[in-house]
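The values are calculated or read from the model by the stated rules, or taken from the named source; none is laboratory data. Bear in mind that the values here come from a model prediction, so they are computed numbers and not experimental data. Cβ placement follows ideal geometry from the backbone for every residue including glycine, while neighbour counts extend to all protein chains displayed. The area values use the complete protein model at the heavy-atom level, side chains included, leaving out ligands, DNA and RNA. Shrake-Rupley method; radii C 1.70, N 1.55, O 1.52, S 1.80 Å.
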Amino acid sequence: VQLQASGGGLVQAGGSLRLSCAASGIIFSMYAMRWYRQAPGKQRELVASISRLGTTNYAWSVKGRFTISTENAKKMVTLQMNNLKPEDTAVYYCNAMNYGSLEEYWGQGTQVTVSS
């Protein structure tokens, strides 16, 4: 099983980035997909999630700015991040969770840095 995240980088405040996470080795449609982030010195936090049925949820801090979506045919989950703020700076991780079997997998993380 592999979750390969990409798309991080350095952007100015107010800019946009699009993170992608390609999954392999799992039946993608059986998993809820989530993006977490971890800033230096802080705990990892859930940013956005999308259920198997397409229901989305967001942390209050990113609601209205971030959009999570999946492409089942490509086994991919994306996180479109708009109007980025310096406090969005963190390593972002994709996560796949099967609530039936409780199998859970993590990607390697991708760095997002927002300059003021």
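Things worth noting here:
- Test result for Thr56, within 13 Å of the chain's Cα centre (by Cα), surrounded by 12 or more Cβ atoms within 10 Å (Cβ to Cβ), within 18 Å of Gln4 (Cβ to Cβ) and modelled with pLDDT of 95 or more: no
- Checking each residue in the stretch 30-44 for being open to solvent by 60 Å² or more (accessible area, probe 1.4 Å) and farther than 16 Å from Gln111 by Cβ picks out Met30, Gln43.
- One residue from Val62, Val91, Val77 being farther than 21 Å from Gly14 by Cα, open to solvent by less than 50 Å² (accessible area, probe 1.4 Å), hydrophobic (A, V, I, L, M, F, W, C) and at pLDDT 95 or above: Val77
- Top-ranked residue of the stretch 8-29 - restricted to ones that are of a type in the set (A, V, I, L, M) and open to solvent by 50 Å² or more (accessible area, probe 1.4 Å), ranked as farthest from Thr110 (Cα to Cα): Ile27
- Neighbours by Cβ (under 7 Å, 6+ apart or cross-chain): first from the stretch 90-116, in contact (Cβ under 8 Å) with a residue 24 or more places away in the chain and assigned to a strand (DSSP E or B); second aliphatic (A, V, I, L, M) and open to solvent by 70 Å² or more (accessible area, probe 1.4 Å): Tyr105/Val1; Thr113/Leu10; Ser115/Leu10
- Residue match in the stretch 50-60 (condition: in a strand (DSSP E or B) and in contact (Cβ under 8 Å) with a residue 24 or more places away in the chain): yes
- Candidate set from the stretch 94-116 (those that are closer than 23 Å to Gly41 by Cα and in contact with a helix residue (DSSP H, G or I) (Cβ under 6 Å, 6 or more places away or on another chain)); member that is most open to solvent (accessible area, probe 1.4 Å): Ser116
- Asn82 being open to solvent by less than 70 Å² (accessible area, probe 1.4 Å), touching a Phe, Trp or Tyr at 6+ places or on another chain (Cβ under 6 Å) and of a type in the set (S, T, N, Q): no
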